[in-house]
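Student: I'd like to ask some things about the structure below.
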Amino acid sequence: MNALEANHITKTYANHIALDDVSITVPEGAVFGLLGPNGAGKTSLIRIINQITGPDSGEIKLFGEKLQAKHISTIGYLPEERGLYKKMKVGEQALYLAQLKGMSKREAKAKLDEWFERFEISAWWNKKVEELSKGMAQKIQFVTTVLHEPKLLILDEPFSGFDPINVELIRSELMRLRDQGASIILSTHNMGSVEEICDHIALINKSKKVLEGGVSEIREAHARQEYEIRYKGTAIAFANALWTNFELLSQGQEKESQSAVVRLGDKMKLNDLLRAVVDHVELLDVNRKLPSMNDIFIQTVTQNEVGHE
Amino acid sequence: MSKIGLVIGREYSSRVRKKSFIIMTILGPLLFAGIIAAAIWVSVADNSEHEVLVVDYAGMLSYVNPESGRIEPSYPEIFKGDENLFFHFTDKLPSDSAFINSPYTLMLEFDDSILAAKKAHLYYKDLPSAQVSMRITGALENGIERVKVRENDQIDYSTYKRLKTSLSLAKFDINNKEDASMDQEKGIVGMMLAVIIFFFIFLYGSQVMRGVIEEKSNRIVEVIVSSIKPFQLMMGKIIGIGLVGLTQFLIWILFSILIFTAAGMIFESGGFDSVAAVDGLRSGGQTPIDFETFLQQQDGFSLLVSINWPLILFMFFIYFIGGYLLYGSLFASIGAAVDSETDTQQFLMPVMLPLFFSYFVAIMSVSNPEGFAAKLFSFIPLSSPIIMMIRTPLNSTSVWELLISVAILFATAVFFVWLAGRIYRTGILMYGKKPSYREIWKWIKFNS
């Protein structure tokens, strides 16, 4: 079963189209990256999933059911614009937010005690939020998002504005929650985190979905014929050995060896490359070079833009 | 607990625990007591001399002295007057011109229908101060009570309480009899209520606005609207803050009742007993009195006792709820439309203007509660809560007028709440540029 299916979602605001026939599928147990430049429509889609706004057309299914009011407690949502009541005490506030998600007060208190102990923040219970540092407040925000044990977690730019220690903490907590069975949607334009923790992604650009799939499949599909070669010998000898059908993208020098990245011309195979250089240098290892998500992101978005113009 | 209940609970409890609320709740009544005292002092401070001609057709309070042949009061100790108030009795009404040319400044006229109608006429050349008219009323009330006692053989304290007479004076300018003059004292109460309802609507309405801005600028609003509907959040806030206002007002009323009761007990424990009161009344001598009567005889306080407080407080609650819902939802829309309080100016103007305007109409209505402006603005929901606070104590509204005015007010309030809901749900998630009125209009039309 899929955690989430969004089918042909279209959303128009007074002045512009936010989502144009967008469909995504989030498999259960996945960490799903919702990618796209600022203003692409990520937040609009997330708000529709959270029932903050409704789509003009299209439908959302959550764990096989049509999205409805009761699903509010199935989802944990950490918006990009997140905050807390400054004048309210930490514990009181966490209880309030948990009750709004449908937990009973007693249940919420027990769970909060657990989490506060895990995060070693029990001493903050009676502090006002305005007395906390930003990093401390971020921990509280995270706890209140996951407290009601949502089956689907939606985090909008979860790592922006968090300090590195909290980023690490939250990353490991997310992995733990995933292992316990939660499905996670991360909306971000920070590609570094995508490669590390997402297994599926969808790329949205200018209100349209332009790419979707498993992270490794996508990287594989976008791979060009590029190889990283480590060898012993001189860089000049290596460069001279390449004919015009090979493009030398970069060269590097290590302690005992040299390295180079080579792109193959049309119809060339790895064998051709090896044949060309094998008599001139001593090969140590050869690796297929996969494009980074960042490259794919930029490439897809720019192509998309060229295509539009 | 339902989710909207949770929001109401948070809004309410976070506010009633604030120091500012506690201080205001304690200082408020003192402040208003001060205002009342000042208003009364201004209206009663009066040193002008008055010669009152009492026209007693039926000879209820006067008789012809066989020795002098002059008409004299039956109870001279009541009508003995003092250095600036003198009573003269007659049994014939002089012509207007004779009165105007006479040395008398005031003319009090009544016949035996006064027992049933409880109303006497007072004609004046210049409007007497509240103090003077209250002393005249007081003397007349005392006299009438004596008459009633004379007609009753058996008097116990309950009869005594029943005999206690509350009269009203219909005042007329002798030069312009058509124009019944204002009921000054009750006008003061009306002004006070108008000020209170004005401030309640304004203060608590702008608290709604500040609360909405706080949630927006704290960036917590999106977290919350992922759990409940924006409309529930808005209504919870409006209701919660409104309940804070009602709580404050209730505490003030309880305080007042407590103070009044305590003062009465202290007063009556110092010598008042009902038997002596009845005896005193029968013998025509010095009458010990209970606290309420005492207050009635004190300058300025009689108006506080003579007013129909339960009705007026009830109307206050109704109009506060209606007016607050109406203005509160306008304030909520403003809060949703802007990012910070500094941006509110442009939108506050159109909300504040009708509020201030109503206040000025209210001030003018005191002297002319039946006038066209007063009547018209009693039906316009933006002004009716304030205007009606003036008109209700003056008894210048009919039941129908009240019902229609309240119905229009609540219908409009519901409409404004609906309108505010539409602005709110879009506005709270919009950051950045301050919207224009045209954009806000789009938010209203836009279907979520």
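The values are calculated or read from the model by the stated rules, or taken from the named source; none is laboratory data. As the structure is a prediction and not an experimental result, all values here were calculated from the model. Positions of Cβ are generated from backbone atoms using ideal geometry, with glycine treated the same way; all protein chains shown enter the neighbour counts. Each accessible area value is taken on the protein alone, full model and side chains, heavy atoms only, with ligands, DNA and RNA left out. Shrake-Rupley method; radii C 1.70, N 1.55, O 1.52, S 1.80 Å.
Student: Provide a list, ordered by number, of residues in region B:194-238 showing at least 20 Å² less accessible area with every protein chain present than when their chain is taken on its own, using a 1.4 Å probe.
Tutor: B:Glu214, B:Asn218, B:Arg219, B:Ile220, B:Glu222, B:Val223, B:Ile224, B:Val225, B:Ser226, B:Ser227
Student: What is the local net charge at B:Pro103, summed over the other residues whose Cβ is closer than 15 Å to its Cβ (Lys, Arg +1; Asp, Glu -1)?
Tutor: -2
Student: Related question: When the solvent-accessible surface of protein heavy atoms is calculated with a 1.4 angstrom probe, in what order do A:Glu114, A:Glu226, B:Glu72 fall, highest first? Mind dumping the intermediate values first?
Tutor: On the way: A:Glu114 110, A:Glu226 30, B:Glu72 55 Å².
Largest accessible area first, the list is A:Glu114, B:Glu72, A:Glu226.
Student: Let me ask you something else. Within a Cβ distance under 14 Å of B:Gly240, other residues only, what is the Lys/Arg minus Asp/Glu net charge?
Tutor: Values: positive: B:Lys3, B:Arg10, B:Arg15, B:Arg17, B:Lys18, B:Arg210, B:Lys237; negative: B:Glu11, B:Glu214, B:Glu215.
Every neighbour counted, the sum reads +4.
Student: Per the Debye formula with a single identical scatterer at each Cα and no solvent contribution, what log10 I(q)/I(0) holds for the protein assembly as shown at q = 0.05, 0.08, 0.09 Å⁻¹?
Tutor: The Cα Debye sum returns log10 ratios of -0.46, -0.82, -0.93.
Student: Something else about it: Under 12 Å between alpha carbons, and skipping anything fewer than 8 positions from B:Lys375 in its own chain: which aspartates and glutamates qualify?
Tutor: B:Glu401
Student: Which of the trypsin sites (Lys or Arg not before Pro) found in region B:106-144 are in a DSSP loop and have at most 16 neighbouring Cβ atoms, other than their own, within 10 Å?
Tutor: In loop regions of region B:106-144 (DSSP not H, G, I, E or B), the sparsely surrounded trypsin sites (Lys or Arg not before Pro) are B:Lys118, B:Lys125.
Student: I've got another one for you. What net charge do the residues around A:Ile17 carry, taking every other residue with its C-beta under 13 Å from that of A:Ile17, with Lys and Arg at +1 and Asp and Glu at -1? List each step's numbers first, then the result.
Tutor: Working: positive: A:Lys11, A:Lys206, A:Lys208; negative: A:Asp20, A:Asp21, A:Asp56.
Cβ neighbours under 13 Å give a net charge of 0.
Student: Ignoring everything but the protein chains, give the 1.4 Å probe accessible area of A:Leu264 in square angstrom, nearest 10.
Tutor: For A:Leu264, the solvent-accessible surface is approximately 10 Å².
Student: How big is the Rg/Rh ratio for region A:32-86, C-alpha atoms only, Rh by Kirkwood, two decimals?
Tutor: Here the Rg-to-Rh quotient is 0.98.
Student: Compute the accessible area per residue over the protein assembly as shown, keeping the other protein chains in place, probe 1.4 Å, unit Å².
Tutor: Solvent-accessible surface per residue comes out at 47 Å².
Student: What nm distance separates the two modelled labels at B:Thr247 and A:Asp285, each placed 7 Å from Cα along Cα→Cβ?
Tutor: So the two model labels end up 6.9 nm from each other.
Student: Given springs between every Cα pair under 10 Å in a Gaussian network model of chain A, which of A:Gln51, A:Gln253, A:Gln141 has the largest fluctuation?
Tutor: A:Gln253
Student: Between the DSSP loop rule and a limit of at most 16 other Cβ atoms within 10 Å, which chymotrypsin sites (Phe, Trp or Tyr not before Pro) in region A:214-309 are left?
Tutor: Those satisfying the criteria are A:Trp243.
Student: Tell me which lysines have Cα within less than 24 Å of B:Lys118's Cα, excluding those fewer than 8 residues away on the same chain?
Tutor: B:Lys80, B:Lys92, B:Lys148, B:Lys161, B:Lys164, B:Lys171, B:Lys177, B:Lys186
Student: When the convex hull of the Cα atoms of region A:2-220 is projected onto a plane and the area is averaged over all directions, what value comes out in nm²? Write down the numbers at each step before the final one.
Tutor: Working: hull surface 47.9 nm².
Averaged projected area of region A:2-220's Cα convex hull equals 12.0 nm².
Student: Hey, what do the phi angles of region B:84-101 turn into as Karplus ³J(HN,Hα) couplings, whole Hz, using 6.51/-1.76/1.60 and θ = phi - 60°, x for Gly and Pro?
Tutor: 10, 9, 10, 10, 10, 9, 8, 10, 10, 7, x, 5, 4, 5, 4, 5, 4, 8
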